[in-house]
1. At 222 nm, what helix-only mean residue ellipticity would the chain give, in deg cm²/dmol to the nearest 500, using -39500 (n - 2.57) for each DSSP H run of four or more?
2. Stick to Cα atoms and the Kirkwood definition of Rh, then tell me Rg/Rh for the chain.
3. For the stretch 77-94, what does the Karplus curve 6.51 cos²θ - 1.76 cosθ + 1.60, with θ = phi - 60°, yield as ³J(HN,Hα) per residue in whole Hz, taken in order and with x for Gly and Pro?
4. Rounding to the nearest 20 debye, state how big the charge dipole of the stretch 41-386 is about its Cα centre with +1 on each Lys and Arg Cβ and -1 on each Asp and Glu Cβ.
5. So who's got an amide H within less than 5 Å of the one on A346, skipping anything under 5 residues away but keeping other chains? H placed 1.01 Å off N, in plane.
6. Can you give the extra length, in nm with one decimal, that the chain gains between D293 and L133 once fully stretched, where that is 0.36 nm per residue apart less the Cα-Cα distance?
7. For the stretch 296-344, compute Rg over Rh where Rg is the Cα radius of gyration and Rh is the Kirkwood radius from the inverse mean 1/r over Cα pairs.
8. What does the net charge come to around G211 if you take all other residues with beta carbon closer than 13 Å to its beta carbon, with K and R at +1 and D and E at -1?
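Nothing in this text is a laboratory measurement; each read-out follows from the coordinates by a stated rule. These figures come from a predicted structure and were not determined experimentally. Heads up, the Cβs are rebuilt from the backbone with ideal geometry, glycines too, and the neighbour counts pull from every protein chain shown.
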Amino acid sequence: MENPAITRPPRHHAILFGCLLLTVLVIAAEALRWRAAHRTAASATAVPSMTTTSPGRVTLTELSNAHIPAPRGMPSAHASTLAVLPGNRMLAFWWAGSRESGPDVKVFASTWANGGWSAPSMVVSRESLGAELGFGVRRIGNPVAWTDRAGRIHLYVVATGLGGWAAARIAHLVSLDQGKHFHVRRILPTSPLFNTSALVRTAPLSLSDGGWWLPVYFEIGNKYPMLMAFDADGNPTSLARIGNSTSTLQPALVAVSKHEVRAVMRDDSEQQLVQHAASVDGGATWQDLPALDLPNYSTSVAAIRLTSGQFLMLHNHVEGGASARSILRLSISNDMRTWRTVADIAKGPAGDEFSYPSMQQVGNELHITYTWQRQAIAHHRYRIQPEGTS
């Protein structure tokens, strides 16, 4: 006979407890697997690949500006990235669709050759990515491209299942035929919680051994920047956090010397300035530096070092009646600390958007792409000429 003094928990409470316990055990097992993988991963011993030219003054002369041809029926476009190909050619990638995070968003590509862009071609959709991964993909977003020394193009694409961008993972795709076809290689091992809440936005930094550092960032609750190191074959070898900030994201990496690297970052704090961090031991440890004297109202930046030795940064300036993304400014520096304006690449009234820039030096030319009004990807081309030459 059942003792009436004993109160048994409702059956649904036991089921709920069991589900929670199973979830905790799965997360713990995933965390142990992830930590073990990263304990055995070698630290990045290669140094950034760069020239040792001392900074010299240069003149930038605009040669052309236009929009990259847009895919039909795709009214929204955003988040371009550039990959350099042999023969002074390039590939531009971006997403386009009805709106950001829409189910019809796809990643497209266009080739720059002989002074013009090709018609866009579709690279990946949520359906094609899900089919290769073997599970559903709800939406796709930012792409980031990189060409390795063997000529393979690596494309990193943000993808989500359930939830928003904070639940995103990074899919790694590779092309062996200069962008004609891509296959999925892996989901990047970025966090112990099923590799979620990791995103990409900015260009990798090349290493002397043929590998590279991919800037990534964490975005669920606290936001912070990281870098993932890859070997020359495109295998991830280590993951490191950049500084101790909990309100910065989308780091852009630039080599200052063979051992010193700087990161400039989007600011999600009330300070609203371009944030800054440095490593003087080849990326092993990072120190947060004082913010640069440049406004940043939570939007992406791009930075590179020219072969002349100077540094360039594209960032959204704010002045007067401008809004967060209505002025896209190009600035130059000799030391990554003090910057002067080269030009406003695009400027409009409050509410206009010229954002999420990307740039590459190809020979003696600088190529810049950015989001134009969320409707198209704009491309500007400049001649880079050291002062004193003709």
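1. On the way: 2 runs with 38 residues, N = 390.
Helices in the chain give a 222 nm mean residue ellipticity of -3500 deg cm²/dmol.
2. Values: Rg = 22.3 Å, Rh = 21.9 Å.
In the chain, Rg relative to Rh is 1.02.
3. 9, 6, 6, 7, 8, 10, 10, 7, 10, x, x, 6, 9, 9, 10, 9, 10, 6
4. Numbers: 29 positive and 24 negative charges, 108 e Å.
Here the size comes out at about 520 debye.
5. L328
6. Taking 0.36 nm per residue and subtracting the Cα distance, the gain is 53.2 nm.
7. Numbers: Rg = 11.3 Å, Rh = 11.3 Å.
Using only Cα positions, Rg/Rh for the stretch 296-344 is 1.00.
8. Numbers: positive: R149, R152; negative: D148, D209, D231, D233.
Overall, the nearby charge balance is -2.
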